[in-house]
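See structure below.
The values are calculated or read from the model by the stated rules, or taken from the named source; none is laboratory data. Note that the structure is predicted; figures quoted are calculated from it, not measured. Cβ atoms come from the backbone with ideal geometry, glycine included; neighbour counts cover every protein chain shown.
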Amino acid sequence: MRSPAAWVGPGLLAVLVLTPLRLWLEASLIGHMLVQIPLLVLAGVLIARSLPEAWRVWAGRLDIYGLLGLLLVLFVVVYWLLPRNLDAAVLEAGAGWMKIVTLVLLAGIPLGLTAHRLPLLVRGVLWVKGTAMFFVMGWLYREAPDRLCNAYLLGEQLVLGNLMLGLGAVSLAAILALLVFGPPGRHRREAPDESLDQSRLSQAL
């Protein structure tokens with residue numbers, strides 16, 4: 001019998017696809033790009049975590065370091081972030097369903113199966129690149145004189161650009177904080193070692 005947690009991914013996908021939430025999110029450029037697309041990928045990740053262990057073993061053998069899965073995820077997500085494809089997903093029913101299928105099956109599930117295998121260096125580079133993408137896309141959406149997405153208003157485009165610049169600033173601040181102060185909990189882990197060294201020194205004296 002499957003645990004209740006195994007139904008979280010399919011449940012999230014059903015809510016995103018079969019309820020009025022889909023139309024509500026797609027009616028807004030911000031909701032479409034910054035909410036619906038990430039949630040569809042998240043639904044795929046959660047579905048991947050509920051798959052049988054044999055699937056994860058097979059994915060590990062096929063993609064030892066998670067790089068193939070990462071490339072597939074990046075290609076699919078970037079494809080649907082392009083303004084022309086965002087328009088097509090709203091205006092054409094076939095493109096809309098293709099967006100859902102590819103984001104879940106070709107982005108979310110591969111990410112859930114292989115992300116934990118990515119080397120730490122690759123994760124760091126991906127974080128930095130993602131931050132830079134927020135700044136570039138935010139600047140592009142804010143400064144473009146004309147609508148990049150014909151299905152949405154110019155005012156929404158301006159707000160989206162400002163939001164993406166803000167998200168980039170938050171991400172950059174997190175990176176700088178990590179570089180300056182180190183990962184969270186590092187000092188708590190070091191504290192027992194320091195106390196142990198002090199006790200050993202006192203015993204030696």
- Check the stretch 49-60 and report whether any residue there is farther than 27 Å from Gln157 by Cβ, surrounded by fewer than 13 Cβ atoms within 10 Å (Cβ to Cβ) and under 20 Å from the mean Cα position of the chain (by Cα). no
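Here is a check on your reading of the model: is Val122 of a type in the set (Val, Ile, Thr) and over 17 Å from Val73 (Cβ atoms)? So that I can check it myself, show each step before the final result.
Details: of a type in the set (Val, Ile, Thr): yes; over 17 Å from Val73 (Cβ atoms): no.
Spelling it out, it is not the case that Val122 is of a type in the set (Val, Ile, Thr) and over 17 Å from Val73 (Cβ atoms).
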- Can you confirm whether the stretch 70-84 contains a residue that is in contact with a Phe, Trp or Tyr (Cβ under 8 Å, 6 or more places away or on another chain) and of a type in the set (A, V, I, L, M)? no
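From the list Gly96, Gly11, Gly108, which one is within 24 Å of Val125 (Cα to Cα) and out of contact with any strand residue (DSSP E or B) (no Cβ under 8 Å at 6 or more places or on another chain)?
Working: Gly96 fails: within 24 Å of Val125 (Cα to Cα); Gly11 fails: within 24 Å of Val125 (Cα to Cα).
It is Gly108.
Here is a yes/no grid of residues against (1) touching an Asp or Glu at 6+ places or on another chain (Cβ under 9 Å); (2) in the same structural domain as Gly138 (by TED's automatic domain parsing); (3) within 21 Å of Leu148 (Cα to Cα); (4) in contact (Cβ under 8 Å) with a residue 60 or more places away in the chain:
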position	(1), (2), (3), (4)
Arg49	no, no, no, yes
Trp55	no, no, no, no
Gly60	no, no, no, no
Leu68	no, no, no, no
Val73	no, no, no, no
Tyr79	no, no, yes, no
Leu82	no, no, yes, no
Ala88	no, no, yes, no
Leu91	no, no, yes, yes
